[in-house]
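Following: one structure in structure tokens, then a few remarks.
The values are calculated or read from the model by the stated rules, or taken from the named source; none is laboratory data. Quantities reported herein were computed from a predicted structural model and do not represent experimental measurements. Virtual Cβ from ideal backbone geometry, glycine too; neighbours counted across all protein chains shown. In case anyone asks, the SASA skips ligands and DNA or RNA and just uses the protein heavy atoms, side chains included. Shrake-Rupley method; radii C 1.70, N 1.55, O 1.52, S 1.80 Å.
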Amino acid sequence: MDDPVFWQTLRLTFEVSLVTTAILLLLGLPLGWVLAHKRFPGKRVLESMVLLPLTLPPTVLGFYLLLLLGQNGPIAQTFGFTWAFRFEGLVVGSVLFSLPFALNGYREAFRSLDLDLIQTARTLGAGWRRVWLEVILPITWPGILSGSILAFAHTLGEFGVVLMVGGSIPGKTQMVSIYIYDQVQALQFGRAAEASGVLLGVSFALVYLVRTLEDVWRLRMPSSTR
């Protein structure tokens, strides 16, 4: 691939995906724990809201984000800045759109955890920080990592949301999926094929890694939970 714009676009795509995955870890882990083990009024409404991007057309989510983050949106009117057609807007859209993919992995990992282990650790005087570091994370890390990688891979291939929120500004908001679309529109099928091949190879490797981690996770679980 000899087009420097593509490599610039690929770097931006990886940067957005990495930042998005880091934010999803910070938000998704506590949310996944709450959805897995807590009962409270409105839980089903919350679950429906965070899982909505699984069925909502990406352009619809992108449209509402464009209204929210644009120059005439409530954020611009209240705080005086806009994230539309900027890196920050790409990240916000990616976080919301990829949250269900990360959250499903986190929630299932926490659901499979034997709560008696946590109760025993608490009875022995371990604080919650120590319980997380020495009990929960060592057992559930394959599921957590699997959900994170799946969200990362999903962000790599986003199209509708990032196109609506970020447009197609080379070097600034143009993601790989949008680059491929633009090349097809310009009848540059060779460049589109090469870019698609790169994205296909990366995506396959990530999905393969996810499946491997899921197998590791199942082997780590007690037979009664499989």
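Is there a residue in segment 10-23 that is assigned to a loop (DSSP other than H, G, I, E, B) and among the hydrophobic types (A, V, I, L, M, F, W, C)?
Taking every residue of segment 10-23 in turn, none turns out to be assigned to a loop (DSSP other than H, G, I, E, B) and among the hydrophobic types (A, V, I, L, M, F, W, C).
Would you call THR140 buried (at least 17 other Cβ atoms within 10 Å of the Cβ) and within 20 Å of VAL19 (Cβ to Cβ)?
no
Please state which one of PHE110, PHE152, PHE97, PHE101 is within 21 Å of the chain's Cα centre (by Cα), without any contact (Cβ under 8 Å) to a residue 60 or more places away in the chain and in a helix (DSSP H, G or I).
Within the list PHE110, PHE152, PHE97, PHE101, the selection yields PHE101.
If I ask for residues that are in a helix (DSSP H, G or I), open to solvent by 40 Å² or more (accessible area, probe 1.4 Å), in contact with a helix residue (DSSP H, G or I) (Cβ under 8 Å, 6 or more places away or on another chain) and not hydroxyl-bearing (Ser, Thr, Tyr), which ones from segment 53-74 would you list?
Initial filter on segment 53-74 (in a helix (DSSP H, G or I)): 53-54, 58-69, 74.
Retained after the next criterion (residues that are open to solvent by 40 Å² or more (accessible area, probe 1.4 Å)): 54, 58-60, 63-64, 66-68, 74.
Imposing the further condition that a residue be in contact with a helix residue (DSSP H, G or I) (Cβ under 8 Å, 6 or more places away or on another chain) reduces the set to 54, 58-59, 63, 66, 68, 74.
Across segment 53-74, the qualifying residues are LEU54, PRO58, PHE63, LEU66, LEU68, PRO74.
Evaluate segment 165-177: report whether one residue or more is open to solvent by 50 Å² or more (accessible area, probe 1.4 Å) and in a helix (DSSP H, G or I). Reasoning before the result, please.
Start the filter on segment 165-177 by keeping residues that are open to solvent by 50 Å² or more (accessible area, probe 1.4 Å), which leaves 169-170, 172.
Those left that are additionally in a helix (DSSP H, G or I): none.
No: zero hits.
Return yes when VAL91 is among the β-branched types (Val, Ile, Thr), crowded, with 20+ Cβ neighbours inside 10 Å and more than 30 Å from HIS37 (Cα to Cα) and no when it is not.
Here the answer is no, as VAL91 does not meet what is asked.
Determine whether GLY80 is surrounded by fewer than 16 Cβ atoms within 10 Å (Cβ to Cβ), farther than 22 Å from MET49 by Cβ and not hydrophobic (A, V, I, L, M, F, W, C).
So GLY80 fits the description; yes.
Can you confirm whether LEU209 is more than 21 Å from LEU90 (Cβ to Cβ), hydrophobic (A, V, I, L, M, F, W, C) and touching a helix residue (DSSP H, G or I) at 6+ places or on another chain (Cβ under 7 Å)?
Yes: the conditions hold for LEU209.
LEU187 - would you say it is open to solvent by 10 Å² or more (accessible area, probe 1.4 Å) and under 16 Å from the mean Cα position of the chain (by Cα)?
no
Could you pull out the residue among LEU67, LEU35, LEU117, LEU29 that is closer than 23 Å to GLY160 by Cα and of a type in the set (A, V, I, L, M, F, W, C)?
LEU67
Here are the criteria: (1) open to solvent by 80 Å² or more (accessible area, probe 1.4 Å); (2) touching a Phe, Trp or Tyr at 6+ places or on another chain (Cβ under 6 Å); (3) among the aromatic types (Phe, Trp, Tyr). Tell me which single one PHE85 does not satisfy.
For PHE85, the exception is condition (2).
So which of LEU25, LEU35 ends up being under 18 Å from GLY105 (Cβ atoms), of a type in the set (A, V, I, L, M, F, W, C) and open to solvent by 40 Å² or more (accessible area, probe 1.4 Å)? Can you show your working first?
On the way: LEU35 fails: open to solvent by 40 Å² or more (accessible area, probe 1.4 Å).
Matching residue, one of LEU25, LEU35: LEU25.
Have a look at ALA76, ALA22 and point out the one that is touching a Gly at 6+ places or on another chain (Cβ under 8 Å) and free of Cβ contacts under 8 Å to residues at least 40 places away in the same chain.
Every option except ALA76 fails the conditions.
Please give the number of the condition TYR106 fails out of (1) open to solvent by less than 60 Å² (accessible area, probe 1.4 Å); (2) farther than 22 Å from LEU31 by Cβ.
Unmet condition: (2).
Would you call ARG130 over 26 Å from the mean Cα position of the chain (by Cα) and either in a helix (DSSP H, G or I) or not hydrophobic (A, V, I, L, M, F, W, C) (or both)?
yes
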